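First comes the structure, then the notes that go with it.
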Amino acid sequence: MSPSERASHWVDEYGDLLFRFAYQRTSSRETAEDLVQETLLSAFKSLDTFKEEASDKTWLMRILRNKIIDFYRKTRTRQSEDEASQRKEVSLDAFFDETGGWIPDKRPEPWSERPDEVVERGQLGDALNGCIDNLKGKGASAFRMKYLEDEESEEICKVLDITPSNYWVLIHRAKLQLRDCLDQSYFNELKMFDAK
């Protein structure tokens, strides 16, 4: 197989897998697409040095993983004030008072339905996926890697170039955002429906 045929095979065989892997870690379609293109280009350029000790898939995934790590290192060191101000961060002050107790209107209320009823309709899954899609930045990446891909926290910290304490803050904030989003987008609608 010629190098160009092999590269074409990579796109057909592994393109979607590489994209999903990058998207789960960056929460950005554009960034994921760029990283996959960089991965394929890098692999094509270094094909003559590839010793084939691993499969093409494993080799491409390793290149992509390193590209993601480099991406986060670069963004951490070059993040502009504009990007930081545009990113919506959840403040714990939005949920808790100075004593650490819940702010009354932010306290989670018990959900009115049994989980099995909700799952049967499939609506909770759709709402949850929509809320996960609304998560932004490293918090979204950390949440997806932890709870959707079952990655170890040490690996997540390495890929996202964050400290363990920062990781747990990101996970905590993502959970708060998800709870708030589900309350707003799904369970409030159920309450309105039940009230009719």
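The values are calculated or read from the model by the stated rules, or taken from the named source; none is laboratory data. Keep in mind the model is a prediction, meaning the values are calculated, not measured. When we count neighbours, we look across all protein chains shown, and the Cβ atoms used for this are built from the backbone with ideal geometry, even at glycine. When the accessible area is computed, the model is the full protein with side chains, heavy atoms only, and any ligands, DNA or RNA have been set aside. Shrake-Rupley method; radii C 1.70, N 1.55, O 1.52, S 1.80 Å.
Quick look at the numbers
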item	result
Number of positions in segment 60-89 that are within 19 Å of His9 (Cβ to Cβ) and modelled with pLDDT under 85	0
All positions within segment 134-187 that are of a type in the set (S, T, N, Q) and part of a loop (DSSP other than H, G, I, E, B)	Thr163
Residue among Phe187, Phe143 that alone is under 21 Å from Ala94 (Cα atoms) and modelled with pLDDT of 85 or more	Phe143
Matching residues in segment 100-116 - criterion: being modelled with pLDDT of 65 or more and of a type in the set (Gly, Ala, Ser)	Gly100, Gly101
Restricting segment 1-52 to residues that are in a helix (DSSP H, G or I) and in contact (Cβ under 8 Å) with a residue 60 or more places away in the chain, the residue that is nearest to Val159 (Cα to Cα)	Arg25
Test: residue in segment 43-52 that is under 14 Å from Leu160 (Cα atoms) and open to solvent by less than 90 Å² (accessible area, probe 1.4 Å)	no
Residue within segment 92-99 that is touching a strand residue (DSSP E or B) at 6+ places or on another chain (Cβ under 9 Å) and either at pLDDT 85 or above or not polar (S, T, N, Q) (or both) present	yes
